[in-house]
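Visitor: First the structure, which I've put down as structure tokens, then a few questions once you've had a look.
The values are calculated or read from the model by the stated rules, or taken from the named source; none is laboratory data. Because the structure is a prediction, the values reported are computed rather than measured. Heads up, the Cβs are rebuilt from the backbone with ideal geometry, glycines too, and the neighbour counts pull from every protein chain shown. Accessible surface areas use protein heavy atoms only, side chains included; no ligands, DNA or RNA. Shrake-Rupley method; radii C 1.70, N 1.55, O 1.52, S 1.80 Å.
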Amino acid sequence: MERDRSAAAAMLGMAGFVVLAVSEHEGELEQAIETTADLVGCPTCAAVAELHDRRPVWVRDLPSAGRPVTVVWIKRVWRCPHLLCPTRTWTESSESIAARASLTRRARAEICRRVGEDGASVAAVAREFGIGWGTAMAAVREHGEPRVDDPARLADIDAVGVDETAFQAAAANRSTSFVTGVMDLTRGRGPARLLDVVEGRSASALLSWVNTQDPAWRAGITTAALDPYRGYARALRAALPDAVRVLDAFHVVRLGFAAVDDVRRRIQREQTGHRGRTGDPLYGIRRLLRRRHDHHCDRSWARLLAGLDAGDTADEQLARTWIAAQDLRLIYHAGDRDHASQTLYRWLAYCADADIPELTRLARTIDSWRTEFLAYFDTGGVSNGPTEAVNLLIKKIKRVGHGFRNFDNYRVRLLLHCGVDWDTIRATPIRGRLPRSAA
């Protein structure tokens with residue numbers, strides 16, 4: 001009998017408890033348990049307590065074999081035998097199951113891990129545990145918020161990246177709303193991490209977040225990567241004046257090929273009077289025009305040249321814009337800042353001599369960001385590429401959640417999936433006081 005009780009206790013996996021019985025009810029498991037305590041002292045006078053009553057408490061636990069599990073804790077109510085003791089009766093407690101909790105502590109931790117580390121939807125995890133969405137999300141917030149708000153998560157950071165992502169899509173009564181994400185781009189720390197997200201896409205939104213950080217933290221940031229958006233540049237200049245601002249190379253190259261698309265569309269409208277259609281020579285090479293020159297094969301080169309011969313203007317505006325876009329990308333192959341600066345000067349002169357409206361606009365944009373552009377070569381090639389990789393994870397969480405309306409829930413779920421180290425959490429869990437209702 002003692003061996004059976006030990007085996008059942010081992011299967012339960014909660015120290016200080018033994019299993020009394022296991023049954024199945026409507027496809028769910030019920031495990032009746034009690035504590036192993038036989039000798040309990042009064043918390044006031046330390047006298048040996050007497051058993052006064054037993055009260056069952058139903059709490060959800062970890063699923064077993066694909067079925068939700070309910071733990072029925074037969075709680076003992078103890079009584080002090082001394083009539084003069086102010087403590088008459090009390091109910092036993094456990095760290096594994098808090099008072100008035102609907103979930104065990106380990107169940108709350110596992111729900112948070114499934115939603116955070118695994119990126120599962122709250123609804124799917126709630127079904128797995130046999131609880132409602134609100135109960136599951138409360139577990140995520142109560143167990144996850146101390147992790148995402150832990151100051152140690154922002155320690156030892158010297159490089160950040162800034163980018164925006166859409167929060168809510170446009171609807172009949174609102175426009176698309178955005179959030180600003182701040183990423184950890186510190187080298188040697190592994191993949192990029194999401195440090196925080198703030199509502200809005202503006203200089204004030206980013207400035208407010210940076211100013212709430214510790215002055216020592218702000219002083220430790222030496223590099224900040226950003227897209228060509230003046231709002232973020234103004235915020236970084238004001239809040240992190242000593243940090244080197246680096247214009248993201250990916251977005252620079254994308255601006256170049258966007259100019260190629262603009263010229264192609266303009267020429268198509270001028271020559272055909274409509275947007276590009278199947279059979280139009282320039283429309284047929286639209287994807288080839290966005291390909292790197294060294295990624296072309298003989299067949300694609302032939303198609304590209306044939307399309308340009310058939311659809312380009314007499315002064316070869318599209319071909320010259322395509323060359324400018326390719327040369328802009330090649331500036332990043334320069335070995336050092338001086339070489340890059342000289343190549344950029346020649347590229348700007350080429351754009352000015354071309355006298356193509358789209359190319360002139362592109363050159364003005366790049367020239368206005370010259371300092372941030374050349375800072376790429378001072379920082380060993382810092383870019384916002386890792387930030388874009390985290391943005392893919394953010395979009396995955398949005399798809400899994402089928403959109404969000406509550407920004408606080410959105411922030412917690414993003415940071416749990418993209419911003420915390422779950423290996424560290426498992427090794428050194430935070431010992432903070434959870435809310436009264438937490439387990």
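Visitor: Please pick out the residue among Thr365, Thr387 that is within 30 Å of Ser177 (Cα to Cα), open to solvent by 30 Å² or more (accessible area, probe 1.4 Å), at pLDDT 90 or above and hydroxyl-bearing (Ser, Thr, Tyr).
Guide: Only one candidate passes the filter, namely Thr365.
Visitor: What's the total number of residues in the range 76-98 that are touching a residue at least 40 places away in the same chain (Cβ under 8 Å) and within 30 Å of Arg426 (Cα to Cα)?
Guide: Final tally of qualifying residues: 5.
Visitor: Tell me, yes or no, whether the range 209-225 has at least one residue that is in contact (Cβ under 8 Å) with a residue 40 or more places away in the chain and in a helix (DSSP H, G or I).
Guide: yes
Visitor: If you check Val246, Val263, Val252, which single one turns out to be assigned to a helix (DSSP H, G or I), touching a helix residue (DSSP H, G or I) at 6+ places or on another chain (Cβ under 6 Å) and not hydroxyl-bearing (Ser, Thr, Tyr)?
Guide: Val263
Visitor: Is it true that some residue in the range 379-392 is under 30 Å from Val115 (Cα atoms) and either free of Cβ contacts under 8 Å to residues at least 12 places away in the same chain or touching a Ser or Thr at 6+ places or on another chain (Cβ under 9 Å) (or both)? First the steps, then the outcome.
Guide: The first filter runs over the range 379-392 and keeps only residues under 30 Å from Val115 (Cα atoms), leaving 383-392.
Filter again for either free of Cβ contacts under 8 Å to residues at least 12 places away in the same chain or touching a Ser or Thr at 6+ places or on another chain (Cβ under 9 Å) (or both), leaving 391-392.
Scanning the range 379-392 turns up at least one residue that is under 30 Å from Val115 (Cα atoms) and either free of Cβ contacts under 8 Å to residues at least 12 places away in the same chain or touching a Ser or Thr at 6+ places or on another chain (Cβ under 9 Å) (or both).
Visitor: Of all residues in the range 300-312, how many are surrounded by fewer than 16 Cβ atoms within 10 Å (Cβ to Cβ) and over 44 Å from the mean Cα position of the chain (by Cα)?
Guide: 3
Visitor: Among (1) buried (at least 18 other Cβ atoms within 10 Å of the Cβ); (2) over 27 Å from Gly181 (Cβ atoms); (3) of a type in the set (D, E, K, R), where does Arg286 come up short?
Guide: It fails just one condition, (1).
Visitor: For Thr278, state whether it is hydroxyl-bearing (Ser, Thr, Tyr), under 26 Å from Leu374 (Cα atoms) and open to solvent by 20 Å² or more (accessible area, probe 1.4 Å).
Guide: For Thr278, the condition - hydroxyl-bearing (Ser, Thr, Tyr), under 26 Å from Leu374 (Cα atoms) and open to solvent by 20 Å² or more (accessible area, probe 1.4 Å) - is not met.
Visitor: Identify the single condition in (1) at pLDDT 90 or above; (2) surrounded by 14 or more Cβ atoms within 10 Å (Cβ to Cβ) that Pro56 does not satisfy, given that it satisfies every other one.
Guide: Going through the list (1) at pLDDT 90 or above; (2) surrounded by 14 or more Cβ atoms within 10 Å (Cβ to Cβ), Pro56 breaks only (2).
Visitor: Does Arg291 satisfy the condition of being within 21 Å of Leu359 (Cβ to Cβ), in contact (Cβ under 8 Å) with a residue 24 or more places away in the chain and surrounded by 13 or more Cβ atoms within 10 Å (Cβ to Cβ)?
Guide: So Arg291 does not fit the description; no.
Visitor: Could you list, in sequence order, all residues of the range 413-427 that are within 16 Å of the chain's Cα centre (by Cα) and either open to solvent by 30 Å² or more (accessible area, probe 1.4 Å) or under 16 Å from Thr165 (Cβ atoms) (or both)?
Guide: Arg413, Leu414, Leu415, His417, Cys418, Gly419, Asp421
Visitor: With the requirement that a residue be open to solvent by less than 10 Å² (accessible area, probe 1.4 Å) and not hydrophobic (A, V, I, L, M, F, W, C), what does the range 229-265 give you?
Guide: Gly231, Tyr232, Asp248, Gly256
Visitor: Restricting to the range 90-109, name every residue that is touching an Asp or Glu at 6+ places or on another chain (Cβ under 8 Å) and either in a helix (DSSP H, G or I) or open to solvent by 60 Å² or more (accessible area, probe 1.4 Å) (or both).
Guide: Once the filter is applied, which keeps residues that are touching an Asp or Glu at 6+ places or on another chain (Cβ under 8 Å) and either in a helix (DSSP H, G or I) or open to solvent by 60 Å² or more (accessible area, probe 1.4 Å) (or both), the range 90-109 yields Arg105, Arg106, Ala107, Arg108.
Visitor: Inspect the range 211-220 for any residue being more than 22 Å from Thr371 (Cα to Cα) and open to solvent by less than 60 Å² (accessible area, probe 1.4 Å) and give the result as yes or no.
Guide: Taking the range 211-220 first, the residues more than 22 Å from Thr371 (Cα to Cα) are 211-217.
Filter again for open to solvent by less than 60 Å² (accessible area, probe 1.4 Å), leaving 213, 217.
Yes, the range 211-220 has at least one match.
Visitor: Consider the range 163-194. How many of its residues are touching a strand residue (DSSP E or B) at 6+ places or on another chain (Cβ under 8 Å), assigned to a loop (DSSP other than H, G, I, E, B) and surrounded by fewer than 18 Cβ atoms within 10 Å (Cβ to Cβ)?
Guide: 2
Visitor: Pull out all pairs, ordered by first then second residue, where Cβ-Cβ is under 9 Å, the residues are six or more apart or on different chains, the first lies in the range 328-342 and is over 17 Å from Ala363 (Cβ atoms), and the second is modelled with pLDDT of 95 or more and exposed (fewer than 13 other Cβ atoms within 10 Å of the Cβ).
Guide: Sorted first by the residue in the range 328-342, then by its partner, the pairs are Ala334/Gln342.
Visitor: When residues of the range 347-357 are filtered for being open to solvent by 20 Å² or more (accessible area, probe 1.4 Å) and under 19 Å from His251 (Cβ atoms), how many remain?
Guide: Quick first cut of the range 347-357, residues open to solvent by 20 Å² or more (accessible area, probe 1.4 Å) only: 348-350, 352-353, 355, 357.
Add one more test, that the residue is under 19 Å from His251 (Cβ atoms), and what stays is 348.
Residues flagged as open to solvent by 20 Å² or more (accessible area, probe 1.4 Å) and under 19 Å from His251 (Cβ atoms) within the range 347-357 amount to 1.
Visitor: Still on this structure: Within the range 135-162, can you find the residues that are among the aliphatic types (A, V, I, L, M) and outside any loop (DSSP other than H, G, I, E, B)?
Guide: Ala136, Met137, Ala138, Ala139, Val140, Val148, Ala152, Leu154, Ala159, Val160, Val162
Okay, residues lined up against (1) of a type outside the set (A, V, I, L, M); (2) modelled with pLDDT of 90 or more; (3) under 23 Å from the mean Cα position of the chain (by Cα):
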| position | (1), (2), (3) |
| --- | --- |
| Ala49 | no, no, no |
| Val71 | no, yes, no |
| Glu92 | yes, no, no |
| Gly116 | yes, yes, yes |
| Gly119 | yes, yes, yes |
| Ala123 | no, yes, yes |
| Gly134 | yes, yes, yes |
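Visitor: Now for a different question. So, of the residues in the range 110-127 that are under 15 Å from Arg147 (Cβ atoms) and in contact (Cβ under 8 Å) with a residue 40 or more places away in the chain, which turns out to be surrounded by the most Cβ atoms within 10 Å (Cβ to Cβ)?
Guide: The selected residue is Val115.
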